[in-house]
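S.K.: Right, I'll just put the structure down here and ask away after.
A short reminder: the numbers here are calculations on the coordinates, not readings from a lab. In this text the structure is predicted, and so the values were computed from the model without any measurement. Here the Cβ positions follow ideal geometry from the backbone for every residue, glycine too, while neighbour counts run over all protein chains shown.
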Ligand code: GDD
């Protein structure tokens, strides 16, 4: 089997590739690495395809052209699928990742305990471009900090990384990234525990432009939520369900305050409950259980109302049983009610997770 496959996603990188590919090849030859280079291009209009065809005459380069799809992460996955090497390495085409570091990444991954290697800007010895302003630095740091629940690595959002084929195959069927952070997706989904970082000097691109738009950065938040749901499963769903429950309390009280000015109170109370139940339903459908948001809404809504009613009945029963049957709770009715709320919420959550918003 081939030792190494290098995957390079590209969109409009003709100018950079003519410099990058010879540099990569030089680094590979120097280190005696038996490798293939796979460029995955999304039908760039700038001549990238022609440049690759010419480069392929002199270098071990294969081009995959995607006509209908766009996106960095899915391009990388297409390259990983096509790769035949034992080690899979991903890097950008814009010369921000030094190809001379490839052998170091490969030998780090060859250590028996290591299952993921990052070319890192944020460990000692690594650096970012001097020209980065405070906003870019701060932006990158916050994004990195948000990945903390998933990995202790200093630079898990880097686009320069390597992993073993077997790690990729382990997670292939469950990869579901949005946006740019395919490295983080692979660390989490392949359950890579031992991540090694090699310091690199990250250089800003000279030719072409970055495609990392504000929209892509927002997609990162969506990606984080998906990873959160994947890694923490029911804990994650429950946390979101409970937080949305809290927003329901706010909606309920606001509605009640608004309506009680000009409505008799029993109707106002009922309307306030109905409003908060409905906003909770919409938020849970679109956020907590977003995997089920394409199911017919009316049927789901009716089931949700049924689930809330069941939760309320369990809440009421628990509170009554505790306060009537245990002396301890007789003088602590609020505590009994609080336990009732938790029990009711627990039942409501389970019904929502497995019945109302089932997969
Ligand atoms: N095939 C394909 N399709 N490739 C793409 C696409 C796309 O839609 N968008 C970007 N690329 C390629 C670029 O051509 C380049 O080779 C690489 O992906 C990185 O894209 P840039 O747009 O240059 O990203 P960046 O430099 O702003 O961000 C890089 O650095 C970040 C860390 O600062 C990426 O590596 C990020 O993943 C990384 O987090």
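S.K.: For Cα pairs less than 8 Å apart in space and 6+ apart in sequence, what is the mean separation divided by the residue count of the range 116-241, i.e. the relative contact order in percent? Walk me through the intermediate numbers first.
M.R.: Working: 140 pairs, mean separation 46.8, N = 126.
It rounds to 37 percent for the range 116-241.
S.K.: Where the centroid of each part is defined by its Cα atoms, how far is the range 86-115 from the range 117-185 in Å?
M.R.: Result: 14 Å between the Cα centres.
S.K.: Among 14, 272, 27, which one shows the highest mean-square fluctuation when the chain is modelled as a Gaussian network with alpha-carbon springs under 10 Å?
M.R.: Looking only at 14, 272, 27, the biggest GNM fluctuation is shown by 272.
S.K.: Then there is this: At a 10 angstrom cut-off on C-beta neighbours, averaged per residue, how do the peptides 129-142, 306-319 rank from highest to lowest? Don't jump to the answer; show the numbers that get you there.
M.R.: Working: 129-142: 10.8, 306-319: 17.2.
Highest to lowest by the protection proxy: 306-319, 129-142.
S.K.: In a GNM of the chain with a 10 Å cut-off on Cα contacts, which of 101, 215, 152 has the highest mean-square fluctuation?
M.R.: Of 101, 215, 152, the most mobile in the Gaussian network model is 215.
S.K.: Compute the relative contact order of the chain as a whole-number percentage, counting only Cα pairs closer than 8 Å that sit 6 or more residues apart in sequence.
M.R.: Values: 539 pairs, mean separation 50.1, N = 359.
Reported as a whole number, the value is 14 percent.
S.K.: Roughly how large, in nm² to one decimal, is the mean projection of the convex hull of the alpha-carbon atoms in the range 205-351? Please report the intermediate quantities before stating the final value.
M.R.: Numbers: hull surface 55.9 nm².
If I average the Cα hull's projected area over directions, I get 14.0 nm².
S.K.: How large is Rg over Rh for the chain, taking Rg from the Cα atoms and Rh as the Kirkwood inverse mean of 1/r across Cα pairs?
M.R.: That ratio is 1.13, to two decimals.
S.K.: Okay, moving on. Taking only Cα atoms and a 10 Å spring cutoff, compute GNM fluctuations for the chain and point out the largest among 175, 61, 253.
M.R.: The residue that fluctuates most here is 253.
S.K.: Could you state the angle between the C-alpha long axis of helix 14-31 and the longest principal axis of the C-alpha atoms of the chain, as a value from 0 to 90 degrees rounded to the nearest 10?
M.R.: Result, in degrees: 70.
S.K.: Additional query: Ranked from highest to lowest mean number of other Cβ atoms within 10 Å per residue, what is the order of the peptides 327-337, 39-49, 178-188? List each step's numbers first, then the result.
M.R.: Numbers: 327-337: 13.2, 39-49: 18.8, 178-188: 24.6.
Peptide ranking by packing, descending: 178-188, 39-49, 327-337.
S.K.: Modelling each spin label as a point 7 Å along the Cα-to-Cβ direction, I'd like the residue 172/residue 250 distance in nm, to one decimal.
M.R.: 4.5 nm
S.K.: Related question: Rounded to two decimals, what is Rg over Rh for the range 79-165 when you use alpha-carbon atoms and the Kirkwood radius?
M.R.: Numbers: Rg = 14.0 Å, Rh = 14.3 Å.
That ratio equals 0.98.
S.K.: How much mean residue ellipticity at 222 nm does the chain get from its helices, if each DSSP H run of length 4 or more adds -39500 (n - 2.57) and you divide by all residues, to the nearest 500 deg cm²/dmol? Walk me through the numbers on the way to the answer.
M.R.: On the way: 12 runs with 190 residues, N = 359.
Calculated mean residue ellipticity at 222 nm is -17500 deg cm²/dmol.
S.K.: Now, a different point. Helix 265-283 versus the longest principal axis of the chain: what is the Cα-based angle in degrees, 0 to 90, to the nearest 10?
M.R.: 20 degrees
S.K.: Another one. When the convex hull of the C-alpha atoms of the range 1-146 is computed, what volume per residue in Å³ does it have? Write out the running numbers ahead of the final one.
M.R.: Numbers: hull volume 21.1 nm³, N = 146.
It comes to 145 Å³ per residue, whole-number rounded.
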